[in-house]
Amino acid sequence: MRCWYLGSAALLLVLGLSGCGQVPRGPVMSTPTAQFHDYISEKEREEGRAEQQVLVADGSASRSDYEVAVAKLRKCLTQGGVALVNHGWNPVNYQRMSLWYKSSARSDDEVAAYGDQCHAAHMADVELHYVEQHPPRMSGALLANTRPCLSAGGIATTGDEKNLPELVRAGGPNREKDVFECVSKGVAKLYPDKLFMVS
């Protein structure tokens, strides 16, 4: 059994996950053969896109809209024998849930392609609206855990930083990797049994 990340954000650092069989290797690029195979019907694509448009018809995407889209995504995946693993909202930015998908019955390429198609049909537009309308914010506990690590590395913070981009700016030129490592250590300590992207 393998678990694959589901979503469009670039993966920068991935932390180990216990209980998932193997440590995911991050987002999977499906092969051309898998990419061009239709795993979901055109009817499902059309219905999914229509449902997404209803959710964002007022021009916004709420937390509830996002969660409805995740439920639709889960249903689509389940129909193809792919399970959705939801670790909840990512405490690094609270802009996305940490969603992974897995299947012991399908090849890696099939799981990736099937997941991509379900995500596009049922969630991509809602997720995009949500990210655009909700600025990143880091959990208070993670911020508090990260600051001593940054200070030990010679990175001074003001205490007013609320998210990863602001911490990166506080670090200054050429310190992005150091900031990401401190945040990653905090995630590993506070959420040892979950898999969250630091991005």
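Just so you know, all these numbers are worked out from the coordinates, no wet-lab data involved. If you're wondering where the values come from, they're calculated on a predicted model, not measured in any experiment.
What Kirkwood hydrodynamic radius, in Å, does the range 147-199 give when the mean of 1/r is taken over all pairs of distinct Cα atoms and then inverted? Before the final figure, lay out each step's value.
Numbers: mean 1/r = 0.0879 Å⁻¹.
Taking the inverse mean of 1/r over all distinct Cα pairs, the range 147-199 comes out at 11.4 Å.
In the range 35-173, how does Rg compare with the Kirkwood Rh, expressed as the Rg/Rh ratio over alpha carbon atoms?
On the way: Rg = 18.5 Å, Rh = 16.9 Å.
My calculation puts Rg/Rh at 1.09.
For the range 78-160, what are Rg and Dmax over the alpha carbons, in angstrom?
17.7, 51
How about residue 189: which lysines have a C-alpha closer than 16 Å to its C-alpha, ignoring those fewer than 8 places off in the same chain?
By straight Cα distance, residue 189 reaches no lysines at all.
At 0.36 nm per residue, minus the direct Cα-Cα distance, what do residue 174 and residue 133 gain on full extension? Give it in nm, one decimal, please. Provide the component values of the computation, followed by the final result.
Numbers: separation 41, 0.36 × 41 = 14.76 nm, distance 2.90 nm.
Taking residue 174 through residue 133 to full extension adds about 11.9 nm, to one decimal.
For residue 185, list the lysines whose Cα falls under 20 Å from its own Cα; do not include residues on the same chain fewer than 8 positions away.
Output for residue 185: 162, 177, 194.
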